[in-house]
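The block underneath contains the structure these notes are about, expressed in structure tokens.
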Amino acid sequence: MRHPRPTRSYKLLTLSRGAREAGAMQRAMLMAFLAVGAACTKPGPTANEQAIPDLQRQVSELQSQVLALQQSEAKMAGALAELAASQRSRTTFTPSDTGFGKVTTEVGIFFVSLDKVVPYANGQRLTFRVGNPQSITYRNPTVTLRWGRGVPVVGGDATEYSKRVDAWEASLQKKSERLLSDLRPGAWNTVNIVVAPATTDDIGHIEFAMEVGTVSMTAR
């Protein structure tokens, strides 16, 4: 018995399935090829990505610099505050000065003027007038003087001038003396202090500071 020959529709179906399977295989191979190619040609880090570590390092350095500047500023502010307090607690004269300066102490403000400078033995006698504007008597205040030749004249190289000022500052003499008299309230009080050894030329710069520890007020 002979078998019937396949119909045309069966052949077309078989060919269609084969074509689909071949197409699927081709697509799979193409995707595999693209994947391999992509893996082989994967780009390296971009210029921006390479710059990130450098930027991070620069930011870290800038943060350190800002912190150092803040610390330096705090120290400078403290030094300026100390300088301002020091300037308020003393007043400065030259022998030819007239008028008065203000001295601030922990217990009050006083006005001070340099009345005269005259030779005395191997030194100089400095006469001051201390004004006490308070209605309080201050007992036996302690006066501290610093004196020396005049402040160096500004000029020349800044570094050299700074060295001259430092040398001048180191050359200043200092003396503290507790007064035997009191500072009467609402009055100018005469204060004499002798500095020695000193010539007239040695008294070109005078600094006056004062400390008061005991006060006296009238009970009513």
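The values are calculated or read from the model by the stated rules, or taken from the named source; none is laboratory data. The shown structure was predicted, so the numbers you read here are calculated from the model rather than taken from an experiment. Cβ sites come from the backbone with ideal geometry, for glycine too, and all protein chains shown count toward neighbours.
Here are the numbers for this structure:
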{"quantity": "Enumeration of residues in region 194-204 that are outside any helix (DSSP H, G or I), surrounded by fewer than 18 Cβ atoms within 10 Å (Cβ to Cβ) and within 39 Å of the chain's Cα centre (by Cα)", "calculated": "Gly204"}
{"quantity": "Residue ID - surrounded by the fewest Cβ atoms within 10 Å (Cβ to Cβ), chosen from residues in region 205-220 that are at pLDDT below 95 and of a type in the set (Gly, Ala, Ser)", "calculated": "Ala219"}
{"quantity": "Pair list, Cβ < 6 Å and 6+ apart or interchain, from region 205-220 residues that are in a strand (DSSP E or B) to residues that are small (Gly, Ala, Ser)", "calculated": "His205/Gly148; His205/Gly150; Ala209/Ser89"}
{"quantity": "Residues (of a type in the set (Lys, Arg) and surrounded by 13 or more Cβ atoms within 10 Å (Cβ to Cβ)) located in region 151-193", "calculated": "Arg164, Lys175, Arg184"}
{"quantity": "Test: residue in region 174-189 that is of a type outside the set (Asp, Glu), more than 21 Å from Glu106 (Cα to Cα) and out of contact with any Leu (no Cβ under 9 Å at 6 or more places or on another chain)", "calculated": "no"}
{"quantity": "Every residue from region 154-164 that is within 22 Å of the chain's Cα centre (by Cα) and of a type outside the set (Gly, Ala, Ser)", "calculated": "Thr159"}
{"quantity": "Pair list, Cβ under 6 Å, 6 or more apart: region 171-185 residue over 25 Å from His205 (Cα atoms), other residue hydroxyl-bearing (Ser, Thr, Tyr) and loosely packed, with under 12 Cβ neighbours inside 10 Å", "calculated": "Pro185/Ser135"}
{"quantity": "Residue count for region 90-99, restricted to those that are among the β-branched types (Val, Ile, Thr) and either farther than 30 Å from Ser216 by Cα or not in a strand (DSSP E or B) (or both)", "calculated": "2"}
{"quantity": "Subset tally (residues that are among the polar types (S, T, N, Q), at pLDDT 95 or above and exposed (fewer than 14 other Cβ atoms within 10 Å of the Cβ)) for region 106-139", "calculated": "1"}
{"quantity": "Hits in region 145-186 (condition: among the hydrophobic types (A, V, I, L, M, F, W, C), touching a strand residue (DSSP E or B) at 6+ places or on another chain (Cβ under 8 Å) and in a loop (DSSP other than H, G, I, E, B))", "calculated": "Val151, Leu172, Leu179"}
